[in-house]
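K.L.:
Dropping the structure in here first, questions after.
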Amino acid sequence: MRVSDEDYMNMVLSLARKGKGKTSPNPMVGAIVVRDRKVIGRGFHERPGLPHAEVLAMADAGPKVRGATLYTNLEPCVHTKKRTPPCTGEIIRSGIKRVVIGMIDPNPMVSGRGIEELKKAGVSVVAGILKDKAERLNEAFSKYITRRRPFVILKIASSLDGKIATQAGESKWITGDKSRRFVHRLRSEVDAVMVGIGTILKDDPSLTSRVKDGRDPIRIVVDERLCIPTGSKVLNLDSCSKTYIATIDGASKAKKAKIRKIEERGGIVLIVKEKDGLVDLTSLMDRLGEMEITSLLIEGGAEINASALADGIVDKAIFFFAPKIIGGQRSLSSIGGGSPENLEEVTRVHDIRIKKMGEDIMVEGYVTRDKGTGRKS
């Protein structure tokens, strides 16, 4: 049976995924070299500063690379403003005769120029193979490189009726083991995880990944009044990742002693613009982008969830619904804030994917930039 370009690109995407959680702020890239319908070279980008996937795959192929076809999920780089040489020059020098690409590089320094340089050198180029899959894989990189802000995922675990806690505040555990393991894996794949101070005061979470061979995300706590207890777990962890406390200027001036105590425990206080007395989440995203944080997971409570949606920073939502009905007007709903006046103001979610997660149901989709749910001050 003849193997198609799509079949080879699926192999490439599988290789690229091996770099998940390790390549930021670079994209995940895989590459294979094919000759006479046989894969003779493989490679994937492991982490920043190491060789790119295309170079590794060509080196793996050895002398047989000349005249072969190179498959890669992202347009080969052409610029020099990085730690490794441009891949286009290496491809041309190798004697590769054909290059098959999943998606155009969204980086303005590359976008289309890599393909143009290859074609000028006589290399045959085909682009757009499994484009949708390639773009989904590197959606965080695409947003970061074009807007200099992190790709934001809002995660909510609730009962079937959208409750995240009982009237008494009990919330552990609404969802099952499989859903929680998925979330820990997701933490190890994103650059940072963010919660509001309410979650810290109520649950005192560690916000670590607890995944074998995984990594802990950077921890961000939104705390306008700088009231985080210095004994909180996020400030007393044996972790390579740092904890940032995002606050507003008024709180920082009034609580210099508290800042010193936070810093003594390794925490870092970020002074962010305020909006209606709260941290301006849009400005916070700009700060995180400056810190080369390309992906952010929000795991907060009802109010931080509402604020994130109202401020328009959420790109993707992941809901875990447990087969439970909590009920009651005083039980805590997953989204707080003000209520919309009409359905035209609601937040819409598209490209929905539904997956069974043990006894739970996971619903994943992308958020449309409508007005949102309002923000409670």
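The values are calculated or read from the model by the stated rules, or taken from the named source; none is laboratory data. Keep in mind that this is a model prediction, so the values were computed, not measured. Every residue, glycine as well, gets a Cβ built from its backbone with ideal geometry; the counts of neighbours run over all protein chains shown. Protein only, heavy atoms only, side chains kept; ligands, DNA and RNA dropped before computing areas. Shrake-Rupley method; radii C 1.70, N 1.55, O 1.52, S 1.80 Å.
K.L.:
Need the full-extension length gain, LYS253 to ARG2, defined as separation in residues times 0.36 nm minus the C-alpha distance. One decimal, nm.
P.N.:
83.5 nm
K.L.:
Quick one: helix 281-290 against the long Cα principal axis of the chain, what's the angle to the nearest 10°, folded into 0 to 90?
P.N.:
Computed tilt is about 40 degrees.
K.L.:
Continuing with this model, one more query. Identify, among GLY214, ILE248, LEU201, the residue whose Cα sits farthest towards the positive end of the charge dipole of region 156-282, taking +1 on the Cβ of Lys and Arg and -1 on the Cβ of Asp and Glu, with the dipole about the Cα centre.
P.N.:
GLY214
K.L.:
Over the heavy atoms of ARG17, what accessible area does a 1.4 Å probe trace out, to the nearest 10 Å²?
P.N.:
Using a 1.4 Å probe on the heavy atoms, I get roughly 110 Å².
K.L.:
Region 176-219 to region 280-337: how many Å between their Cα centroids?
P.N.:
14
K.L.:
Nearest 5 percent is fine: what portion of the DSSP beta bridges confined to the chain is antiparallel?
P.N.:
45
K.L.:
Taking the full set of protein chains and a 1.4 angstrom probe, give the accessible area of CYS240 in square angstrom, rounded to the nearest 10.
P.N.:
Roll a 1.4 Å probe over it and CYS240 shows about 140 Å².
K.L.:
What number comes out for the charge environment of ARG215, summing +1 per Lys or Arg and -1 per Asp or Glu over other residues with Cβ under 14 Å away?
P.N.:
+3
K.L.:
Per-residue accessible area for SER124 at 1.4 Å probe radius, Å² rounded to 10?
P.N.:
Counting only protein heavy atoms, the figure is 60 Å².
K.L.:
Would you rank ILE325, ILE293 by solvent-accessible area, highest first, keeping every protein chain in place and using a 1.4 Å probe?
P.N.:
In descending accessible area the options line up as ILE325, ILE293.
K.L.:
Going through region 76-169, which trypsin sites (Lys or Arg not before Pro) have at most 11 other Cβ atoms within 10 Å and a DSSP loop state?
P.N.:
Of the trypsin sites (Lys or Arg not before Pro), the ones in loops of region 76-169 whose Cβ has at most 11 other Cβ atoms within 10 Å are LYS81, ARG83.
K.L.:
Leaving ligands, DNA and RNA out of it, rank HIS184, HIS45 by accessible area with a 1.4 Å probe, largest first.
P.N.:
Accessible-area ranking of HIS184, HIS45, largest first: HIS184, HIS45.
K.L.:
Would you mind getting the accessible area per residue of the chain, heavy atoms of the protein chains only, 1.4 Å probe, in Å²?
P.N.:
49
K.L.:
A further question on this structure: Give me the number: length gained by fully extending GLU274 to LYS178, i.e. 0.36 nm times residue separation minus the C-alpha to C-alpha distance, one decimal in nm.
P.N.:
Contour length minus Cα-Cα distance gives 30.8 nm.
K.L.:
Compute the distance in nm between two label points, each set 7 Å from the Cα along the Cα-to-Cβ direction, one at ASN10 and one at ARG353.
P.N.:
About 1.5 nm separates the two model spin labels.
K.L.:
With springs only between Cα atoms under 10 Å apart, run a GNM on the chain and tell me which of ASP249, ASP311, ASP132 wobbles the most.
P.N.:
Looking only at ASP249, ASP311, ASP132, the biggest GNM fluctuation is shown by ASP132.
K.L.:
Please build a GNM for the chain, connecting alpha carbons under 10 Å apart, and tell me which residue among PRO63, PRO27, PRO323 fluctuates the most.
P.N.:
Largest GNM mean-square fluctuation: PRO63.
K.L.:
Of the listed values (i) -0.29, -1.34; (ii) -0.34, -1.40; (iii) -0.37, -1.27, grab the one calculated as log10 I(q)/I(0) by the Debye sum over Cα atoms at q = 0.07, 0.15 Å⁻¹ from the structure here.
P.N.:
So the structure-derived entry is (iii).
K.L.:
Largest first, what is the accessible-area ranking of HIS350, HIS52 with a 1.4 Å probe?
P.N.:
I get HIS350, HIS52, largest accessible area first.
K.L.:
Relative to the longest principal axis of the C-alpha atoms of the chain, give the angle of the C-alpha long axis of helix 177-189, reported between 0 and 90° and rounded to the nearest 10°.
P.N.:
60
K.L.:
Highest GNM mean-square fluctuation, the chain, Cα pairs closer than 10 Å: which of GLU189, GLU303, GLU264?
P.N.:
Looking only at GLU189, GLU303, GLU264, the biggest GNM fluctuation is shown by GLU264.
K.L.:
Modelling each spin label as a point 7 Å along the Cα-to-Cβ direction, I'd like the SER206/ASP132 distance in nm, to one decimal.
P.N.:
4.0
K.L.:
Okay, next question. Let's see if you can work this out: charge +1 on each Lys and Arg Cβ, -1 on each Asp and Glu Cβ, no other charges. What is the dipole magnitude of region 186-284 about its Cα centre, in debye to the nearest 20?
P.N.:
About 320 debye.
K.L.:
To the nearest 20 debye, what charge dipole does the chain have about its Cα centre, counting +1 at the Cβ of each Lys and Arg and -1 at the Cβ of each Asp and Glu?
P.N.:
Around 1000 debye, computed over the chain.
K.L.:
How large is the helix-only mean residue ellipticity at 222 nm for the chain, computed as the sum of -39500 (n - 2.57) over DSSP H runs with n ≥ 4, divided by its residue count, in deg cm²/dmol to the nearest 500?
P.N.:
That comes out to -8000 deg cm²/dmol.
K.L.:
Under 5 Å between amide H atoms, partner at least 5 residues away or on a different chain: which partners does ALA157 have, H built in plane at 1.01 Å?
P.N.:
So ALA157 has HN proximity to PHE320.
K.L.:
If you don't mind, there's one more thing I want to ask. What's the magnitude of the charge dipole for region 249-377 around its Cα centre, counting Lys and Arg as +1 and Asp and Glu as -1 at the beta-carbon? Answer in Debye, nearest 20.
P.N.:
My answer is approximately 560 debye.
K.L.:
Place +1 on the Cβ of every Lys and Arg and -1 on the Cβ of every Asp and Glu in the chain, take the dipole about the Cα centre, and give the residue among SER188, GLY41, MET362 whose Cα lies farthest towards its positive end.
P.N.:
Projecting each Cα onto the dipole axis, the largest value belongs to GLY41.
K.L.:
Please report how far the C-alpha centroid of region 92-109 lies from that of region 1-67, rounded to the nearest whole angstrom.
P.N.:
Region 92-109 and region 1-67 have Cα centres separated by 12 Å.
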